[in-house]
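One structure is given below, encoded as structure tokens.
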Amino acid sequence: MRVEDFEYLAKLLKDRSGLIVGKDKVYLLETRLMPVARRHGLKGLDELIPKLRSGSGGEKLMVDVTEAMTTNESLFFRDTRPFDLFRDHVLPGMMQARGGQRKIRIWSAACSSGQEPYSLAILLKENQAKVSGWRFDIVATDLSKEIVDKGKAGLYTQFEVQRGLPIQLLVKYFRQTGDKWQIDAGLRSMVQFGEFNLLTHPRSLGQFDIVFCRNVLIYFDQPTKKKVLEGIADIMPKDGVLYLGGAETVLGVTDRFKPIPGLRGIYQRSDGEPAVKMA
Amino acid sequence: MKTCLVVDDSRVIRTVARKIIEELGFEVIEAEDGKVALEKSEERLPDGVLLDWNMPNMDGLEYLRALRQLPGGDKVSVVFCTTENDMRHIQEALAAGADEYIMKPFDAEIVKTKFEMLGLTA
Ligand SMILES: C[S@@+](CC[C@H](N)C(=O)[O-])C[C@H]1O[C@@H](n2cnc3c(N)ncnc32)[C@H](O)[C@@H]1O
């Protein structure tokens, strides 16, 4: 790949999704973009890149290129512990703080095909007695339309449902349809899916008490991470909480958030008192 | 060291499973059917069992039922690992006392997460 073509693609991806592609990832560009080129009836990157540059491939080609480069890997109850903390500390703490309105809004900000928001919906269902009379809004968004549609359908392969999901929960909340497994309609109706690009400010989505922004900041550079985190701080009440992925942190990125002592991977607004504390 | 009994009539599967489970820090014992598995379990109860369903002599379900009758046999964590991948089989296995269920084909990641869920690995 020519240097200027690489630079063009890297800039396109960064502008559209925030993704940083290092020079060592040329092979990744090639292997992931070849199938896109073919789908659009092009022979290879040599034909794809001029089409992108001239704009003659249209918006569809840009979107396909961007989506081909994102990593959608996800699993149910990813890393387990964050979800245990949700059940044992975050949920009870937030419920105590919201006793007046009995309403809690949760945002899964890079939801991929829905494993993360559905894990939360399952936890709420499993604790039905405790949350009865409450309203939970779970809003799940992702950059990629294709992946959001997959989340909406709630259809997973045998491989996907075996990763992270205890068998009792599979039996309880999924139906088998052909060689796929579909999460039941009750749970699907608990999650509102939509497309949303984290590079834009989230004010249009409203306020959220709890935000999951896991395993997406790792793909961004520092200024983008900062911008995304500060946007989240803006739409979070002073006592709200933020979840990041295991390899992510706010430290050295923004001072709008700080870690909540004892709750690994969970952050609070620096200028507030979190509704959730380690008892 | 914790022990895990791998029960499968395919030697290839046993070898693959052994490798994965040894890497999780277990001592692995193999059995080629339910009958042999039961004999080995009577000698010494394993901490975990990775269990195929369809096998000659004694199938996985029969073995599981017999294991649960042994003194202390209720404490063994049993993970089915089978090509039977429909809801009816899964429910039957759970009713018989299986703790987890893997639908073949499987990989190291799946075995690892299932073992973690059962608290078999740290
Ligand atoms: C590795 S997945 C993480 C999924 C889930 N949060 C988890 O932890 O398992 C990363 C997701 O981030 C999405 N993504 C990447 N850039 C994005 C952006 N600019 N706006 C919104 N979503 C984005 C990708 O489409 C992908 O589905």
field: Relative contact order of chain A, defined on C-alpha pairs under 8 angstrom at six or more residues apart (%)
entry: 18 percent
task: Quick one: among A:A68, A:A129, A:A140, which has the greatest mean-square fluctuation in a GNM of chain A with alpha-carbon springs under 10 angstrom?
output: A:A129
- request: Filter the trypsin sites (Lys or Arg not before Pro) in region A:1-105 to those in DSSP coil with at most 13 other Cβ atoms within 10 Å of their Cβ, and list the result.
  value: A:R2, A:K43, A:R102
task: Please list, or write none, the lysines whose alpha carbon is within less than 27 Å of the alpha carbon of A:K226, excluding same-chain residues fewer than 8 places away.
output: A:K11, A:K14, A:K23, A:K25, A:K145, A:K238, A:K258, A:K277
query: Gap in Å between the Cα centre of region A:184-207 and the Cα centre of region B:14-40?
result: 45 Å
query: With θ set to phi - 60° and the Karplus curve 6.51 cos²θ - 1.76 cosθ + 1.60, what are the ³J(HN,Hα) couplings of region A:2-13 in order, to the nearest whole Hz, using x for Gly and Pro?
result: 6, 4, 5, 6, 4, 5, 5, 5, 4, 5, 4, 5
- line: Taking every DSSP bridge whose two residues both lie in the protein assembly as shown, the antiparallel percent to the nearest 5 is 25 percent
- request: Would you please give the residues with an amide H less than 5 Å from that of A:K180, counting only those at least 5 places away or on a separate chain, with H modeled from the backbone geometry?
  value: none
- line: Given the candidates A:F212, B:T121, A:M94, the one whose Cα lies deepest towards the positive end of the charge dipole of the protein assembly as shown, counting +1 at each Lys or Arg C-beta and -1 at each Asp or Glu C-beta, is A:M94
query: In terms of the Cα gyration tensor, with a ≥ b ≥ c the square roots of its eigenvalues, is region A:112-186 rounded because a/c is under 1.5, prolate because a/b exceeds b/c, or oblate?
result: oblate
- prompt: In whole percent, what relative contact order does region B:57-122 give with Cα contacts below 8 Å and a gap of six or more residues?
  reply: 31 percent
- prompt: So what is the relative contact order of chain B, in percent, for Cα pairs below 8 Å that sit 6 or more residues apart?
  reply: 23 percent
field: Antiparallel %, DSSP beta bridges [both residues in region A:81-269], to 5
entry: 40 percent
query: Any idea which of A:S108, A:Q128, A:Y156 is furthest toward the positive side of the dipole for region A:81-269, if Lys and Arg beta-carbons carry +1 and Asp and Glu beta-carbons -1?
result: A:Q128
field: Partners for A:K172 among aspartates and glutamates (Cα-Cα distance below 16 Å; same-chain residues under 8 apart left out)
entry: A:E126, A:D184, B:D86, B:E92, B:D99, B:E100
- prompt: Just how large is the dipole of the protein assembly as shown about the Cα centre, in debye to the nearest 20, putting +1 at every Lys and Arg Cβ and -1 at every Asp and Glu Cβ?
  reply: 1520 debye
query: What does the charge dipole of chain B about its Cα centre add up to, to the nearest 20 debye, if the Cβ of each Lys and Arg holds +1 and the Cβ of each Asp and Glu holds -1?
result: 140 debye
field: Whole-Hz couplings from phi, Karplus 6.51/-1.76/1.60, listed for region A:123-139; x for Gly and Pro
entry: 4, 5, 4, 5, 10, 3, 4, 5, 9, 5, x, 9, 10, 10, 9, 10, 9
query: For helix A:26-39, what angle does its Cα long axis make with the longest principal axis of chain A, in degrees from 0 to 90 and rounded to 10?
result: 80 degrees
- request: Report, in deg cm²/dmol and to the nearest 500, the calculated mean residue ellipticity at 222 nm for the protein assembly as shown, where each DSSP H run with n ≥ 4 adds -39500 (n - 2.57) and the sum is divided by the residue count.
  value: -12000 deg cm²/dmol
- prompt: With the Cα gyration tensor of the protein assembly as shown giving a ≥ b ≥ c as the square roots of its eigenvalues, does the rule (a/c under 1.5 for rounded; else a/b larger than b/c for prolate; else oblate) give rounded, prolate or oblate?
  reply: oblate
Per-peptide average of other Cβ atoms within 10 Å, ordering A:228-234, A:211-217, A:251-257 highest first: A:211-217, A:228-234, A:251-257
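Values quoted throughout were computed directly from the atomic coordinates according to the rules given, and no laboratory measurement underlies them. All of these numbers come straight from a predicted model, not from anything done at the bench. Positions of Cβ are backbone-derived with ideal geometry, glycine not excepted, and every protein chain shown enters the neighbour counts.
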